[in-house]
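The structure appears right after this line, and notes come after that.
The values are calculated or read from the model by the stated rules, or taken from the named source; none is laboratory data. Values in this document were obtained by computation on a predicted structure and should not be read as measured data. Heads up, the Cβs are rebuilt from the backbone with ideal geometry, glycines too, and the neighbour counts pull from every protein chain shown.
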Amino acid sequence: MLKLVGATMVVAASGFGGMAVAGSYSRRPKELKSLRSALQMLETEISYGATRLPEALSQVARRCDGMVSFLFSRAAAELSSMSGITAGEAWEKSLESYYPGTALKPRDFSVLRNLGASLGISDKEDQIKHLRLAMDQIGLEVSGAEDEAARNVKLWSYLGFLCGIMVVLVLY
Amino acid sequence: MHVMQFQKTMGTRDAAVGAINEVLPVLPVNIRRMVVSLPEHIQGKVEEVRFRQGRPLVLGLPSGDIFLNAAGKPVHLASEAYLVTPDDMERLIQLISSSSLYALEEELRNGFITIPGGHRAGITGKAVLEGGKIRTLKYFSGCNIRISREIPGASSTIIPHIIDQNSGGIYHTVLVSPPLCGKTTMLRDIVRQVSDGIPTLGFSGLTVGLVDERSEIAGCYRGIPQRDVGVRTDVLDGCPKAEGMMMLLRSMGPQVIAADEIGRREDVYALEEVLNAGVKILVTAHGSSPADLSERPALGALIRSNTIERYVTLGRSRGAGTVEDIIDGKSFRSLGVKRC
């Protein structure tokens, strides 16, 4: 009886583990897409509205959801605090507390980080160029991430359970 | 002189220290610390903070320039002074522009940015040209933050001479002054008094239309004046003077139109329209005397047409905001108000 309970726990644990990995694969394209649309909004604010950056960031934060909203609102708050930090530093700070909670990969992080370095320091055309570049790079990642998700989500959700069952069979 | 007296009697020193407090948020943190560690009486007198990359940090005081060393102590030798680093410069520009250089292209073309509180930050760097016109600035190398101060009552000696007791209006007035003589401060206070009215002189307020192209007079933040410009004043913020004057004339029915730093041809055309509409003008111009102005290409014709009724010249002979003279525009004779 005790063995049976243990076996169930092993299967459940590795099953959930597999599903968690699968979940991060399926979350990444969604997160990338919402990042891309947030950057699109920021571009609109900058190019048409000529809105100042702190305000533009909080406008975007208000209009998008979840973690992305957090990224933008935190950056806006840092920047409006007038503590003497630059837009790049505010973005970086916010990015660092945003990134660990996401399914993003280090290369997504570096795209966002590179964007931060040029945020707010040049004229409109240049800002748009940098934002477009970041959006294009994210766009590439989106299609890669979707392929990966299609391949890996099923794989990992089965793999977890199967591994659990295998362990049980070996030990039983 | 009465400006100084006013500061002494009314204890506006706190207000003056307050003015520099408004500028602190745009200074890089290390420089903020240096300025704050200055003795209060020096902080209260700072008129300018000048940054030049690789050269000493300079504070402009009424008594002359001083340098600061890294510990924030005033020093007189440039060799002991704190040198402005490229990082300071970059941070300063970001803070002044609230990291939004893209939104300030017009300001950069004019060479300065107005920061919250109506203080002006002049900027130099390399001009980027497009078709022979300045498109923007880059490689910022210098910055001069000019602290503007609100001094209620600064214009009290002038006011009786520009009010027309018979009609209950004011005279067409031009304030003539070289830079840094308190021209904008004076204009702001005249606008406030004319707009509020002056019961002791039996003068009821007039509707004033104020075109504040540089956001310096009313210090607007998101269109709302942060400085007291009077109860009957309509402010058109950030609008080119010539168009602004026409807009106010058509839309707001002003009795007086006020603007700062008149000089370009289109400004003068707009002023002529205002004059033709029977609206009084209250403007400032760079120069040292009315004769000086009449030599200017655009302004000259207006000055020579004898329509201006009062010239007030400002100087620094007794500190910023000294009224050097008030001159009648018809006879070009002094009204006997000198050096006060």
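Would you list the helices (runs of 4 or more DSSP H) that sit entirely within the range B:220-303 and hold 2 or more residues that are touching a helix residue (DSSP H, G or I) at 6+ places or on another chain (Cβ under 7 Å) and among the charged types (D, E, K, R)?
On the way: elements: B:241-251, B:265-276, B:290-294.
Of the helices (runs of 4 or more DSSP H) lying wholly inside the range B:220-303, those with at least 2 residues that are touching a helix residue (DSSP H, G or I) at 6+ places or on another chain (Cβ under 7 Å) and among the charged types (D, E, K, R) span B:265-276.
Can you name the residue in the range A:119-144 that is more than 11 Å from chain B (Cβ to nearest Cβ) and among the polar types (S, T, N, Q) and is also surrounded by the most Cβ atoms within 10 Å (Cβ to Cβ) among such residues?
Among residues in the range A:119-144 that are more than 11 Å from chain B (Cβ to nearest Cβ) and among the polar types (S, T, N, Q), the one surrounded by the most Cβ atoms within 10 Å (Cβ to Cβ) is A:GLN137.
Would you mind finding the one in B:ARG149, B:ARG135 that is in contact with a helix residue (DSSP H, G or I) (Cβ under 8 Å, 6 or more places away or on another chain), surrounded by 22 or more Cβ atoms within 10 Å (Cβ to Cβ) and over 20 Å from B:THR307 (Cα atoms)? Break it down into steps so the answer makes sense when it comes.
Working: B:ARG135 fails: surrounded by 22 or more Cβ atoms within 10 Å (Cβ to Cβ).
Exactly one residue qualifies, and that residue is B:ARG149.
Within the range B:204-256, which residues are at positive phi and at pLDDT below 90?
Applying the first criterion (at positive phi) to the range B:204-256 yields B:215, B:219, B:222-223, B:230, B:238, B:253.
Selection gives B:SER215, B:GLY219, B:ARG222, B:GLY223, B:GLY238.
Being out of contact with any Asp or Glu (no Cβ under 7 Å at 6 or more places or on another chain) and surrounded by 14 or more Cβ atoms within 10 Å (Cβ to Cβ) is the filter here, so list the residues in the range A:96-113 that pass it.
Correct list: A:TYR98, A:TYR99, A:LYS105, A:PHE109, A:VAL111, A:LEU112.
Looking at A:LEU79, A:LEU39, which one is at the interface with another protein chain (Cβ under 9 Å from one of its Cβ atoms) and in a helix (DSSP H, G or I)? Quick ask: steps written out before the conclusion?
Values: A:LEU39 fails: at the interface with another protein chain (Cβ under 9 Å from one of its Cβ atoms).
Just one listed residue meets the conditions, A:LEU79.
If a residue has to be within 13 Å of chain A (Cβ to nearest Cβ), closer than 22 Å to B:PRO25 by Cβ and among the aliphatic types (A, V, I, L, M) to count, how many in the range B:72-131 make the cut?
Selection size over the range B:72-131: 11.
Kindly indicate the residue of the range B:121-150 that is assigned to a strand (DSSP E or B) and among the charged types (D, E, K, R) and also farthest from B:LYS183 (Cα to Cα) among those meeting that condition. Please lay out each step first, then the result.
Initially, the range B:121-150 is screened for residues assigned to a strand (DSSP E or B), giving B:121-130, B:133-146.
Narrowing the set further to residues that are among the charged types (D, E, K, R) leaves B:126, B:130, B:133, B:135, B:138, B:146.
On the way: B:LYS126: 29, B:GLU130: 34, B:LYS133: 29, B:ARG135: 29, B:LYS138: 30, B:ARG146: 13 Å.
Among them, the one singled out is B:GLU130.
Which of the residues spanning the range A:1-37 are within 18 Å of A:GLU146 (Cα to Cα) and of a type in the set (D, E, K, R)?
A:ARG27, A:ARG28, A:LYS30, A:GLU31, A:LYS33, A:ARG36, listed by residue number.
Could you please find all residues in the range B:317-329 being part of a loop (DSSP other than H, G, I, E, B) and modelled with pLDDT of 85 or more?
Applying the first criterion (part of a loop (DSSP other than H, G, I, E, B)) to the range B:317-329 yields B:318, B:320-321, B:329.
Result: B:GLY329, single match.
Checking B:ALA103 against (1) aliphatic (A, V, I, L, M); (2) surrounded by 14 or more Cβ atoms within 10 Å (Cβ to Cβ); (3) in contact with a strand residue (DSSP E or B) (Cβ under 9 Å, 6 or more places away or on another chain), which single condition isn't satisfied?
Condition not satisfied by B:ALA103: (3).
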